[in-house]
1. It is to be established whether one or more residues within region 173-195 are farther than 29 Å from Val319 by Cβ and in a loop (DSSP other than H, G, I, E, B).
2. Check region 51-65 and report whether any residue there is at pLDDT 70 or above, out of contact with any His (no Cβ under 6 Å at 6 or more places or on another chain), loosely packed, with under 11 Cβ neighbours inside 10 Å and not aromatic (Phe, Trp, Tyr).
3. Could you check Ile256 against (1) under 60 Å from the mean Cα position of the chain (by Cα); (2) at pLDDT below 75 and say which number it fails?
4. All but one of (1) at pLDDT below 90; (2) outside any helix (DSSP H, G or I) hold for Leu127, so report the exception by its number.
5. Taking the condition of being part of a loop (DSSP other than H, G, I, E, B) and among the polar types (S, T, N, Q), how many residues in region 100-122 meet it?
6. Answer with yes or no whether Leu191 is modelled with pLDDT under 90, surrounded by fewer than 16 Cβ atoms within 10 Å (Cβ to Cβ), out of contact with any Ser or Thr (no Cβ under 6 Å at 6 or more places or on another chain) and aliphatic (A, V, I, L, M).
7. Among (1) modelled with pLDDT under 65; (2) touching a Leu at 6+ places or on another chain (Cβ under 9 Å); (3) of a type in the set (Val, Ile, Thr), which single condition is Val48 missing?
8. On the basis of being surrounded by fewer than 16 Cβ atoms within 10 Å (Cβ to Cβ), small (Gly, Ala, Ser) and at pLDDT 75 or above, does Gly31 make the cut?
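The values are calculated or read from the model by the stated rules, or taken from the named source; none is laboratory data. This is a predicted model, so every value here is computed, not measured. As a convention, Cβ positions derive from the backbone with ideal geometry for all residues, glycine included, and neighbour counts pool all protein chains shown.
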Amino acid sequence: MQQRDNLLGLVASVFKRKKQILWICAIAGIGAILISLLLPNYYKSTSVFYAASADVARPDPVGPDLKERDLFGIEEDLDKIMTCASSLELVDYLIQKFDLYQHYDIDPESKKGKFKVREALEGMMELKKTKYEAIELSIEDEDPQFAADMVNAAVDKVNAIAQNLTKSTQAKQIANKQAAMIEKQKSIKVLGDTLSALSQRYGIYNVLAQSETMSASLTRVTGNLALVNAKLKALQGAGYKRDSINYIKAQAQGLIEQKTFLEQTANKFNQGSSQVSSVSRELKTAQEQFAEDQERLKQLQAAYRSDSPMVLILEKGEVPVVKSRPKRSLLVIGAVFIAFIFSVIFAILMDAYKDVNWKQIVDAK
């Protein structure tokens, strides 16, 4: 018993059954060779691409906020493309485009047909990020050309899915901008009508120009009236003819009426000038904002119509010339190694319990 409990005892147990172990390993190796030869060869085609920056699909800012734009996307853009590449939309597109039900010999009318074909395709696809922040999409197939065609079609579809997501957002922005501009047009019309009504009511059409003109006219008339009054006073004291004095008085009266009219007009002007100025400023601001919105809408529409790529392809999928699997040598080595391990364990257990009377133990139960 002591000999079986040490390492030499284990080695001895294995050595005693070396022929059986060798036969088991040989049979496992031959079986693995035969099975591996029956396995079909698969070829992997890989495309490498980067996520484009979201700035590529955005219109230039209106005004002084222009800035340099990035071409390559950040982590968020990379995650968006990864999500598109993992979507069922891509899987279903490839199934339909390449008739994968027939290619994978799956009945499309069966209850689990859709699930099985999706599972088969997903088992052939591999998606991962590289250490350089690129994306690798690989597809395996028994036909090398078929694998290359599928992976290139998949990358194009990923780009289309990402573009559709961007365009749906742009379409909402355009619709919102158009709705806002309609409201602004209504507001501008209301302001214009209000300004027109105020202008007619107070006779104000240009606050600054009319203010300057009115002030100058009132100053001039006031000065002329003072001059005529002084002249009349002088003529009355000098004993001039009555006709001359009446003529000067008529001039003075005319200037008084003119001054009164100007003062009344000035009062009316002062009452409405603040309202007209306020509404005029609001109208001007609204018109400027509407002009900016028009330019922004044009840029949004131009961006929507553009075909900005969402993926930047570094390497297209090429037709592979070397199979990706099966690795037949590894299969054979693995099968032989597993057979060796289990046969050694079996040999040790058989030697360790060879003296046990199993019949007596079973009968005792």
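1. no
2. no
3. (1)
4. Tallying (1) at pLDDT below 90; (2) outside any helix (DSSP H, G or I), Leu127 fails exactly one: (1).
5. Residues meeting the conditions: 1.
6. Working: modelled with pLDDT under 90: yes; surrounded by fewer than 16 Cβ atoms within 10 Å (Cβ to Cβ): no; out of contact with any Ser or Thr (no Cβ under 6 Å at 6 or more places or on another chain): yes; aliphatic (A, V, I, L, M): yes.
Criteria not met by Leu191.
7. It fails just one condition, (1).
8. yes
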